[in-house]
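Asker: Input: one structure, supplied below.
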Amino acid sequence: MLCEVCGSKEANFRAMVEGTSLLCCQNCSRHGQQVFSIQQPKIIEKKTPLKQEPSEEIVDDCGTIVKKTRESTKLSQKDFAAKINEKESLIHSIESGHVVPSIDLARKLERLLGIKIIEKISPEPLKLQQGKEIYFTIGDNLKVRKR
């Protein structure tokens with residue numbers, strides 16, 4: 001059985017860690033209160049490897065694209081800001097590259113100007129090491145946050 005904290009193969013303890021009952025190895029069970037030791041392995045369902053979903057990101061030169069398209073439609077920053085219910089100073093900051101718009105604001109800009117400034121980023125597939133499946137554990141989450 002796999003330790004739900006670090007992923008070790010020798011998870012022989014059930015421990016309360018931060019109010020959650022977890023299957024742990026001996027080292028990780030020290031982080032919480034040990035509930036009981038597991039003598040015989042239990043049959044558990046095979047976990048599926050973690051699947052990552054695509055995310056959305058604003059293109060790097062979005063301010064330039066917005067400015068060129070706005071100017072081609074002959075709208076001033078003031079009129080354009082009024083059409084999308086935002087402040088003129090925000091439009092100026094976006095066009096000058098000082099502010100990157102949020103995804104919601106970028107969608108507004110895309111609809112009004114008929115441009116594409118949001119791109120979908122496909123995550124790299126998880127690589128399997130030596131034919132082993134990769135599982136995302138709580139310990140991996142902590143390692144990711146530390147970076």
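The values are calculated or read from the model by the stated rules, or taken from the named source; none is laboratory data. Predicted, not measured: the structure shown is a model, and the values here were computed from it. Here Cβ is always computed from backbone atoms with ideal geometry, including for glycine, and neighbour counts include all displayed protein chains.
Asker: Scanning the stretch 18-30 for residues that are crowded, with 17+ Cβ neighbours inside 10 Å and in contact with a Ser or Thr (Cβ under 8 Å, 6 or more places away or on another chain), which turns out nearest to residue 138 (Cα to Cα)?
Answerer: In this case the residue turns out to be 28.
Asker: Which residue out of 117, 91, 103, 121 is closer than 13 Å to residue 69 by Cβ and touching an Asp or Glu at 6+ places or on another chain (Cβ under 8 Å)?
Answerer: Checking each option against the conditions leaves just 117.
Asker: Additional query: Residues in the stretch 34-46: is at least one under 26 Å from the mean Cα position of the chain (by Cα) and either modelled with pLDDT under 90 or closer than 20 Å to residue 117 by Cα (or both)?
Answerer: yes
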